[in-house]
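Below is one structure, written out as structure tokens; the observations come after it.
Bear in mind that the values in this text are calculations on the coordinates, not laboratory data. All figures in this text were calculated on a predicted structure; none of them were measured in a lab. So basically every Cβ, Gly included, is an ideal-geometry build from the backbone, and we count neighbours across all protein chains shown.
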Amino acid sequence: MLCAFIGATSAASAGVYLPAEEGELLTYSPRLLTFEETRKHLQDLGTKRADIDQKQVKENDEVAQLRRRYNDQIRALEQKQTDGTLTILDRVNLSGYYLRLFGPGNDRSAQLAIDVLTRGGRTPINTHNFMVLSNLATALSLRYPGDAEVLTMAYEYLKEALDVWPTVTGDFPDKLSDEMLSWYYRADKLELDLLRVRRMELEERQQPTTVDNLFPGLAARMVQGIRGGALAA
């Protein structure tokens, strides 16, 4: 994550894939983290995303260098986009760089990730690539954290990513082991749970307050009483 937020959406975290950064890809090893530790890590990640506008990462020389390198890569990929030579893998990497730069005051980077991964802002450029779908789900959830409808869309895209999950992929500089692919799959499943819970919380908050919300079934019982004469004057 960057000066504002390089790291909250690291490549090793569920939902953000950046194959071009091979050195950072294996930060978290399935041999070092148990499943419960992984669950806690992703729960913490969800909390960070929910409070993203209140949290900042202190900038240092290493972060500044990383930001410069990311921006250099972004410029090169954006030039390919202008030239019309951007591949699907290029789009995954470009969206990954944008998401690494996401943070307070730089919300636009999430929208740029959405734009590069979709046609018209909603339709994925490729529905058979798990990295396209997963990065898109993350971009949508970061760009519209308070929109239950968009979070539902993000949930569906991440679910599709899991449905088309590969048994092997050659998109990374070093071939991912079956063990590592399995770990990423489990991580994205946990991210799916986080999206589901976040969406439910928003829907509950947006639900209008009525008598039946506060006292389930009361309205129906009152109607039955009136019909039966129990409440007749």
Sorted peptide list for 189-196, 128-135, criterion being average Cβ within 10 angstrom, highest first: 128-135, 189-196
Estimated vicinal HN-Hα couplings, Hz - region 62-68 in sequence order (Karplus 6.51, -1.76, 1.60; Gly, Pro = x): 4, 5, 4, 5, 5, 4, 4
List the residues, sorted by chain then number, that are 5 or more residues from Thr118 or on another chain and whose placed amide H is less than 5 Å from its amide H. Ile125
